[in-house]
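First the structure, in the form of structure tokens, and then the observations on it.
Readers should treat all values here as calculations from the given coordinates under stated rules, not as data from a laboratory. Predicted, not measured: the structure shown is a model, and the values here were computed from it. Don't worry about glycine lacking a Cβ; one is built from the backbone with ideal geometry, like all the others, and counts go over all protein chains shown.
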Amino acid sequence: MISLRIKRADRLVAISVLGTLLVVWLILVGFDALLQFGKQLGKLDKNGFTATQAAAYILLTVPRRLYEYFGNAALIGGLLGLGGLASSGELTALRAAGMSKLRIAVSVTGVVALLTLGVVILGETLAPVGDQRAQAMMVRYKSSNLGLTTDSGLWAKDGSSIINAKNARLLTGNTLGAGVQLDDVRVVHLTDDGQVSSFDHARLAEHDGVKWTLKDVRSTTLDATGVHSSSIPVKPWDTKLDARVLEQSVVQVDNLSMHDLRQNMAYMEANGQNPGSFAVAFWGRALYPLTVLVLVLSAMPFAFGALRSGGMGKRIFIGMLFAIGWYFFQKAVVSFGTVYGVHPLVANLAPTVLLAVGATLYFRKHG
């Protein structure tokens with residue numbers, strides 16, 4: 001049984017790890033943001049897109065990048081922090097004073113846990129909002145007659161018609177490739193003098209890669225004799241709405257907040273659809289804190305023994321190798337679970353449990 005009372009040794013470990021973690025985090029996010037900024041600069045002068053707007057787009061996505069790279073930064077920062085203590089002989093002194101490897105690893109994980117709390121809040125607030133605003137900005141520069149808002153969804157002008165949709169999402173698994181689905185679609189048809197001639201309200205609209213289709217449509221026509229309404233299960237939709245622009249502008253499922261993911265899951269379940277990727281992303285985000293902490297705790301054994309005689313480059317290499325290997329292993333398990341109908345909670349939790357078991361066996365054997 002280890003003591004959780006904070007000691008001076010814990011503060012020493014915390015300061016060392018915190019410093020390296022923040023530096024690594026800043027480098028990873030900064031490098032990624034710089035690469036993406038360079039990519040956006042290649043779009044200058046297209047539809048009035050400027051360098052200032054490219055910078056604004058990148059700044060809006062920084063919270064999401066901070067969320068995405070925190071796990072890797074925590075792992076590598078933890079290794080470098082303990083590596084610094086090892087190279088100065090302080091790690092050896094802590095071990096000689098009776099501090100077990102597990103106790104030192106818990107000190108590192110405690111620092112990461114405090115930061116993880118803030119990162120989770122960031123990932124549920126600023127990150128999704130920033131991403132949505134960034135995508136809405138790109139839509140405006142890719143299409144002059146299309147717009148996105150966080151409150152009222154998608155708006156578009158299609159000739160003499162006005163289109164509004166509550167939500168837009170990507171569809172996968174179609175024989176023709178990825179498509180787009182719009183929820184709660186309203187199409188208002190106007191006359192040449194701006195009067196409403198007809199109105200279509202569809203539960204959803206789908207683009208399968210070739211054509212648009214409205215489903216569960218209620219059509220209302222206004223003429224001199226009055227108002228006429230009819231219901232149609234499926235109706236072809238002749239529109240110039242560019243599905244390719246929508247595909248590029250839809251916020252990726254993994255970047256939505258848990259609240260938005262849960263709403264999408266509820267909507268799809270209520271309409272007899274499989275929540276699929278939304279459920280996988282939801283449980284991935286729900287288990288994010290546990291995954292990060294177990295990953296960091298499991299990587300700490302690399303900081304003892306062999307790493308004591310290794311340099312900083314070796315620690316970075318091993319940390320990156322471990323993080324990359326874990327990433328692909330987790331993705332493979334989740335994908336396997338999705339194909340074979342395993343509940344997303346189980347598929348997301350299984351790799352973390354296996355990692356925790358491995359860490360437990362190590363610390364039981366080596367203290």
(message) From Cα pairs below 8 angstrom and at least 6 apart in sequence, can you work out the relative contact order of the chain, rounded to a whole percent?
(response) 16 percent
(request) State to the nearest 20 debye the size of the charge dipole of the chain about its Cα centre, where the only charges are +1 on K and R beta carbons and -1 on D and E beta carbons. (result) 1940 debye
(request) May I ask which residue of TRP155, ILE318, ALA127 lies farthest towards the positive end of the charge dipole of the chain, with charges of +1 (Lys, Arg) and -1 (Asp, Glu) on Cβ and the Cα centre as origin? (result) ILE318
(message) Can you tell me which lysines have their Cα less than 19 Å from the Cα of LYS43? Leave out same-chain residues fewer than eight positions away.
(response) LYS142
(request) Report the FRET efficiency, 1/(1 + (r/R0)^6), for THR52 and ASP254, where r is their Cβ-Cβ distance and R0 is 30 Å, rounded to 0.05. (result) 0.60
(request) Kindly put LEU12, LEU355 in sequence by how many other C-beta atoms sit within 10 Å of each C-beta, fewest to most. (result) LEU12, LEU355
(message) Suppose only helical runs count, i.e. DSSP H with n ≥ 4. What mean residue ellipticity at 222 nm does that imply for the chain under -39500 (n - 2.57) per run, divided by all residues and rounded to the nearest 500 deg cm²/dmol?
(response) -20000 deg cm²/dmol
(request) Just tell me, in residue order, which DSSP H segments of the chain are both 20 angstrom or longer along the helix axis (alpha-carbon based) and at least 0.5 in mean Kyte-Doolittle hydropathy. (result) 8-41, 51-87, 101-124, 312-339, 344-366
(request) Treat the count of other C-beta atoms within 10 Å as a stand-in for reagent exposure and order LYS7, LYS365 from fewest to most. (result) LYS365, LYS7
(request) Quick one: net charge around LEU256, please, counting Lys, Arg +1 and Asp, Glu -1 for every other residue with C-beta under 11 Å from its C-beta. (result) 0
(request) Could I get the Rg over Rh figure for the chain? Both from C-alpha atoms, Rh via Kirkwood, rounded to two places. (result) 1.09
(request) Please build a GNM for the chain, connecting alpha carbons under 10 Å apart, and tell me which residue among ASP158, ASP216, ASP193 fluctuates the most. (result) ASP193
(request) Please report TYR362, TYR340 as a ranked list, fewest other C-beta atoms within 10 angstrom at the top and most at the bottom. (result) TYR340, TYR362
